[in-house]
Amino acid sequence: MKRLLPVILVIAITIVGGALALVITRVNQPYKGFEASEQFVDIPTGSGVASIGRRLADAGVIRDPVSFRYAVWLIGGSRSLKAGEYRFDRAMTPEEVARKLARGDVYLRQITFREGLTIRDMAALFEKEGFGSRQPFVDAASRPELIRGLDPAAADLEGYLFPDTYALPRRGTADRLVQMMVARFQKQVGGDLPQRAAAAGMNVHEAVTLASIVEKETGKAEERALVAAVYANRLTIGMGLQCDPTVIYALQRSGRDIRNLTREDLQYDSPYNTYRYAGLPPGPIASPGKTSIEAALQPANVPYLYFVSRNDGSHAFATTLEEHNKNVFHWQILYWRAQRQQQRAPGR
C-alpha cells in the first residue's frame with residue numbers, strides 16, 4: 001500500500017493539473033453555445049458567482065461555470081458583478097463575459113420623444129417601439145402627484161414629460177419611464193422655474209401652458225421668443241389667443257383625429273378652445289422643450305400681436321391688424337395662387 005501512495009499522488013496531481021490547465025485554457029477560448037443570433041440572460045440582484053456561472057452556462061454563453069469562476073477571480077471582480085439583463089450576440093471568452101458583468105453593461109433600448117408630443121402621442125410611440133401597450137403609459141401619465149410639488153394645479157402630467165431620449169431595459173415599465181421623464185423635467189428646468197415664472201407674472205402652470213403653445217406654433221428656435229411675445233401681449237391686453245393648436249388638442253381629447261381645421265371646428269365647445277374662451281387654456285397642450293420654456297419665461301420685447309405662416313416653417317409677424325391682413329394676403333392667397341399656376345404650367 002505504501003508503494004501505491006506515490007503513484008496515486010502522482011495520478012491525482014496529474015488529474016488536478018490537467019483540469020487546471022483545461023480551465024486556464026478555456027478562460028481565453030471564445031465560446032457560443034446558443035443557436036440564435038442573440039441570447040439574453042437575466043442576473044437577479046444578490047446572485048453569487050456560482051449562481052451566475054450556472055445561468056450563463058445554461059444559456060450557452062460560457063462552456064462551464066468553473067472557467068467563469070476562474071475568470072472572475074482573475075479580474076478581481078467577485079464582488080462587482082452587477083445584476084440586470086445582458087445581451088450576448090457573439091462568441092466570447094469567460095473573461096470577456098466576466099468583465100461585461102463587472103462593467104454592468106446591461107442591455108438597454110432607447111426611445112426618443114421629440115418636442116411637442118402629447119401624452120396620447122407618446123403612448124402611441126411607446127407601443128410602436130415595442131415597450132408595451134399604450135394604455136399603461138396613459139395611466140402612468142395621469143398621476144399629477146409626481147409633479148404636485150412644482151405645479152399644484154396640474155390635472156395630469158401633460159407638459160411635464162420632458163422630451164428627450166431615454167434608455168430602458170426590454171421589460172421596462174411605463175410607470176418607470178414616466179417617472180424618469182418627470183425627473184428629467186425637474187432636473188432640466190424645474191429648479192428655479194417657480195421663481196422665474198413669478199418674475200414673468202405667472203405661476204408654473206401658466207408658464208408651462210404658454211410654453212406648450214409656443215412649442216406647437218413654431219419649430220424654429222429663433223422664432224420662439226417672438227411667438228411667446230405675441231401671446232404674452234394678447235394676454236396683457238385681454239385679447240383672445242385664437243390659437244389653432246389649442247383647438248386641435250381639444251378635438252383630439254374628444255377622440256377626433258384632426259389634420260386641417262374647419263370653421264365649424266373653431267366653434268367646438270371646450271375650455272381648451274382659445275377661439276371661444278379668453279386667456280390660457282386649462283393646462284399644457286403638449287410637452288415643450290427647454291427653449292420653448294425659456295421663451296415663455298422671457299418673451300421677446302416686441303409689440304407683435306399677430307403672425308402667419310410663410311409656408312416654409314417660418315412666420316411673418318405684425319403689430320396691427322392691417323399689417324397682418326397684408327401678410328395673410330401675401331402668404332395665404334398670393335402664395336398659393338402662384339403655386340397652383342405653377343402646377344398648371346405647360347410641361348409640368
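Every number in this text was worked out from the coordinates using simple rules, so none of it is lab data. Quantities reported herein were computed from a predicted structural model and do not represent experimental measurements. Because the Cβ atoms are built from the backbone with ideal geometry, glycine has one as well, and the counts that use them run over all protein chains shown.
Odds and ends about this structure:
- For residue 315, the residues 5 or more places off, or on other chains, whose built amide H falls under 5 Å of its own are 310.
- Percentage, to the nearest whole number, of Cα pairs in the stretch 27-103 over 14 Å apart: 53
- The stretch 133-193 - convex hull of alpha carbons, volume per residue in Å³: 80
- Take every Cα pair under 8 Å whose residues are at least 6 apart in sequence, average their separation, divide by the length of the stretch 206-332, and the relative contact order is 34 percent.
- Share of Cα-Cα pairs in the stretch 305-348 lying beyond 13 Å, as whole percent: 56
- The percentage of C-alpha pairs in the stretch 193-304 whose separation is greater than 18 Å is 46%.
- Dipole moment magnitude, nearest 20 debye, the stretch 27-103 about Cα centre, only Lys, Arg, Asp, Glu C-beta charged: 280
- Cut-off 14 Å between beta-carbons: net charge of the residues surrounding residue 153, Lys and Arg +1, Asp and Glu -1: -4
- Environment charge of residue 314, counting only residues whose C-beta is closer than 11 Å and scoring Lys/Arg +1, Asp/Glu -1: -1
- Local net charge near residue 258, Cβ-Cβ under 14 Å (Lys/Arg +1, Asp/Glu -1): +1
- Amide H contacts of residue 85 (H built 1.01 Å from N, under 5 Å, at least 5 apart or other chain): 43, 107
- Applying the Karplus relation 6.51 cos²θ - 1.76 cosθ + 1.60 with θ = phi - 60° to the stretch 124-137 yields 3J(HN,Hα) values of 5, 5, 4, 6, 4, 7, x, 8, x, 6, 6, 4, x, 5 Hz, where x marks Gly and Pro.
- Cα-based radius of gyration of the chain once divided by 2.2 N^0.38 Å, which approximates compact folds: 1.52
- If only the Cβ of Lys and Arg carry +1 and only the Cβ of Asp and Glu carry -1, the dipole of the stretch 305-348 around its Cα centre is close to 360 debye.
- Amide H contacts under 5 Å for residue 31, placed H, 5+ residues apart: 92, 93
- Mean-position separation - Cα centroids, the stretch 46-111 and the stretch 286-326, in angstrom: 55
- Members of 82/290; 128/216; 82/216; 100/220 lying beyond 31 Å, as alpha-carbon distances in this model show: 82/290; 82/216; 100/220
- Fewest-first ranking of 117, 146, using other Cβ atoms within 10 Å as the exposure measure: 117, 146
- Couplings for the stretch 272-285, taken from phi via the Karplus curve 6.51 cos²θ - 1.76 cosθ + 1.60 with θ = phi - 60°, read 7, 7, 7, 7, 9, 10, 6, x, 5, x, x, x, x, 10 Hz in order; Gly and Pro are left as x.
- Take the Cα of residue 73, step 7 Å toward its Cβ, do the same at residue 192, and the gap between the two points is 5.7 nm.
- Cα-based Kirkwood hydrodynamic radius, the stretch 99-234, one decimal, Å: 16.2
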